[in-house]
Every structure is written in structure tokens, then in C-alpha cells.
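Novice: Shown below is the structure under consideration.
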Amino acid sequence: MAPLTEQQTSGKPRRVALLGSTGSIGLSTLDVVSHFPDKLVLTGLSAHSRVDQLLEQAHKVRPEWIAITDIDAGQSVDRSKIPHGVELVVGPEALARKVAGDDVDVVVTAIVGAAGLLGTWAALEAGKDIAVANKETLVMAGPLVMDLAKRRGAKIMPVDSEHSALFQALCSGKPEQVRRLVLTGSGGPFRGKKRHELESVRPEQALKHPTWKMGPKITIDSATLMNKALEVIEARWLFDMPAEKLEVMIHPESVVHSLVEFEDGSIMAQASPPDMRLPIQLALLWPERPNGPTRRLDWTGAFAWRFEPPDTDNFPALRLGFEVARQGGTAGAVLNAANEEAVGRFLRGDLAFLDIAQATGQVLASHDFSAHPDLGELARLDGWARREVGRWK
Ligand code: NAD
Ligand code: MG
């Protein structure tokens, strides 16, 4: 079991920087923190362009600082609306400096997409612990990020519900006793549909998730099963497990969040209603398990939990995830950037639903692979992949 952190033994609240406070994970994190005023305190909040919402949060929470990463939005803020004593910084680099400050113990990375890498990297360089929601960071640069955390003595705790479940289940044994990690997924809004039924899917249909309420990008990723692909890659690096030991099962109820099978045949699963506040709480307070805001399972009635294998013929994005988890190197950054661009085009009505996986797969296959890239090469390929998908027809 992980040792208690310095703050937990000192009795002082852990000082949290929340990157992406206006998003779905950001709002859940604010709720978790508000439940534990003696254990957690917010030092800083960041948002990209939703300035009014960020200012409202700042009035409520009174952090030391707020950051607006969109430069135009940040420069046009009416400074008289900022609460007294709260510092405003503008731009991604300014945010990166803030997360490294002495007043931060742990950083929740709830920014969506590749934009989450900069702040995560800066925090790890400064030796800060990370509660990682931004899976794209690990997909793009998993080996570099995990290596940096190791060198700086920073802990990375998963916020993604599947990885939180795996982390908890893995505590039942040793890494060498693990036979496989089984990630569960709801199957998204189009579970059971065939390719011809998916051809004409519109954004508003794909944005209706059956069990989770999330930001638009991850909701589309859930509809294509790209989210599960990204999560396979995330698990590959987070737990240092070879791709051969990773599996996916569809579980429409989203209550069993993932399972670990050990060599002796034991399977350890973690179950709880679909509510991100629990994995967020765990990431911030582990190994404590206080009663928090999370919904609980109702055991008074009958219910069933279903499990079925994923349909990779109709949802080919998932196959790409396993491929990339096997390849490593530059593949993750290309997959991630291509998918982000394709999802953006789909949401703008500029690309068909099935083309998201199609375009991403083609760009991935045609890229100039290298096995041990540095951050500069990953950034270059990120730009290249976006341009390729941008002109994909
Ligand atoms: P969201 O769209 O609701 O919120 C995104 C946040 O990031 C907002 O605060 C926004 O201001 C900020 N942001 C957007 N673009 C930015 C940019 N270019 N630079 C800096 N900040 C920017 O997204 P979400 O659903 O909260 O997801 C956030 C992350 O957490 C994603 O990586 C997602 O995969 C992961 N995640 C989310 C859930 C969930 O339940 N929502 C579950 C697991 C993992
Ligand atoms: Mg997840």
C-alpha cells in the first residue's frame, strides 16, 4: 500500500492546482474538494476560454491564482471582476510556471486533449504529484512522462475510472502475478450497431452517452470506442504492462470499472455507480477512504451486470489502441493528434462518423515511426498528423 503523503501525516490540507476547472472533471473535482475542507484546499484553477464561469468559481473558492490559457480571452478580462487577493495569469506557459510553485502539492490534470501535456510536464519536473485525468498525455508521451515522474519522485494517480479500478485491484497482488488487466467500457451510445447504421450518425446522436456525462471530445471518443483505445494505451504506460496482458470487455451498466486477473485465477474487480467523484477522491486522498459525495449502489433490488466482448469489426478504433500499445514510440502521439483533429472535424459536421477511425488509422499507418522519440519529435508529429487529417477526404 502507498505510504501516507507528507500532508496526510502533517494534518495540513493538500494544496491542489486544478487544470481545466470549468470542464466535467473540473466541476466534479470542485465538488470533491468542497467535501473535505480539512484535507484538501484549492491553490489554483485554470480554464481555457470560459472566463465568466472561472471568475464565478474564483469568487466561491478563493484560490491563490487563476489561469486563463486562451491568450485573447485572458487579455480581455475585466480585472475589476477578479476577487481581491486572487492573481490572474494568462497563457499556457504562465500556467506551467504556476503549477510548479511552492504552494502546490498535487495537480489535477483535467484539461482535454494534447494541450494537457505542458502543465503535466511542468508539474512533474517540479516533483509535484499528479492526479491524471488527461489521458491524452499518457497516450502521447507515456514512457517519457512515467520516466520523468520516477526521476523527480512524483506520484501519478489515475483519475480515469478504469485505471482507478485497476490501481485498486492491483493492490491485491504483485505485478509479476498479473495474468491480465481487463478494462471495461459501456460500449457507448451505438453498442450493437453495424457499420451501415453508423454511416449517417450525426454529432448530436454521438453526444448522447448512455451512462456518463462528460465533455464533448471524450463523449465522441466513447461513441467510436477510441476512448477505450486511448485507455488501453494509458494502462500500458501507467502500469507498465505489455499490450498482450491488456483486454477490453463491454459492460453496459458501467458499474464494474475494470478487473485484474491474477495467475491463480482470482479476479479482483472494483465496482461503484458511474460517478467520477469517487476516482477523483481516491486520486487525491489515497490511501484514505473517507465517506465522500459519491453515489452508492442500491443493493435492495435485483439487478444484473452484463459483460460481452467488444465488436472491433464495427468499431475499428479499438484495434488501433492495441496496435499503438504494442508499437509505443511515436505511434501514440500520432494516433492522439489524428483522432483529436478528426473528432473536431466530425463535431463541425465536416467528417462522417466512420471516417474518424478511418482517417486516424490511415495517418497512423503512414507516419514516419521512430521507437525512442523526444518531446520535440512528438510535438512535430502531432502537428503533422493534425495537418494530414485536416486535408483528409
Ligand atoms: P471538458 O471538455 O468538459 O473540459 C475540458 C477543460 O479543459 C475545460 O476546463 C476547458 O476550459 C479546458 N481546456 C479546453 N481546451 C484547452 C486548451 N487548449 N488549453 C487549456 N485548457 C483547455 O472535458 P472533460 O470531460 O472534463 O475531460 C477532461 C479530461 O479528462 C480529458 O482528457 C478526458 O479524456 C479525461 N476524462 C474525463 C472523464 C469524464 O468523465 N469527463 C473521465 C475520464 C477521463
Ligand atoms: Mg474511462
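Novice: So which strands (runs of 3 or more DSSP E) are wholly in segment 221-294 and hold at least 2 residues that are within 30 Å of LEU347 (Cα to Cα) and open to solvent by 20 Å² or more (accessible area, probe 1.4 Å)?
Specialist: Result: 246-250.
Novice: Still on this structure, please answer the following. Consider ARG319 carefully, then state whether it is part of a helix (DSSP H, G or I), more than 21 Å from TRP121 (Cα to Cα) and open to solvent by 60 Å² or more (accessible area, probe 1.4 Å).
Specialist: So ARG319 fits the description; yes.
Novice: May I pose another question? Among (1) within 14 Å of ligand 1 (Cβ to nearest atom); (2) under 15 Å from VAL343 (Cβ atoms), there is one condition VAL201 misses while meeting the rest; what is its number?
Specialist: (1)
Novice: Next up: Which numbered condition trips up PHE167, out of (1) more than 16 Å from ligand 2 (Cβ to nearest atom); (2) open to solvent by 30 Å² or more (accessible area, probe 1.4 Å)?
Specialist: (1)
Novice: Output the residues belonging to segment 217-247 that are away from ligand 2 (no atom under 13 Å from the Cβ) and on the phi > 0 side of the Ramachandran plot.
Specialist: Within segment 217-247, ASP240 is the sole residue that qualifies.
Novice: Then there's this: If I ask for residues that are within 19 Å of the chain's Cα centre (by Cα) and in contact (Cβ under 8 Å) with a residue 60 or more places away in the chain, which ones from segment 251-270 would you list?
Specialist: Within segment 251-270, SER254, VAL256, HIS257, SER258, LEU259, GLN270 meet the criteria.
Novice: Quick check on my filter: what residues within segment 115-141 are part of a helix (DSSP H, G or I) and more than 16 Å from ligand 2 (Cβ to nearest atom)?
Specialist: Hits for segment 115-141 are LEU117, LEU118, GLY119, THR120, TRP121, ALA122, ALA123, LEU124, GLU125, MET140, ALA141.
Novice: Within the group ALA58, ALA94, ALA47, which residue is of a type outside the set (D, E, K, R), crowded, with 21+ Cβ neighbours inside 10 Å and within 13 Å of ligand 1 (Cβ to nearest atom)?
Specialist: From the options ALA58, ALA94, ALA47, the qualifying one is ALA47.
Novice: Only one of GLY332, GLY383 is under 22 Å from LYS228 (Cβ atoms), of a type in the set (Gly, Ala, Ser) and in a helix (DSSP H, G or I); which?
Specialist: One residue alone meets the criteria, GLY332.
Novice: Quick one: MET214 ticks every box in (1) away from ligand 2 (no atom under 13 Å from the Cβ); (2) more than 23 Å from GLU323 (Cβ to Cβ); (3) not in a helix (DSSP H, G or I) bar one, so which box is it?
Specialist: So the condition that MET214 fails would be (1).
The values are calculated or read from the model by the stated rules, or taken from the named source; none is laboratory data. Since this is a predicted model, take the numbers as computed values, not measurements. For neighbour counting, all protein chains shown are included, and Cβ atoms are generated from backbone atoms with ideal geometry for every residue, glycine included. Only protein heavy atoms, including side chains, enter the accessible area calculation; ligands, DNA and RNA are left aside. Shrake-Rupley method; radii C 1.70, N 1.55, O 1.52, S 1.80 Å.
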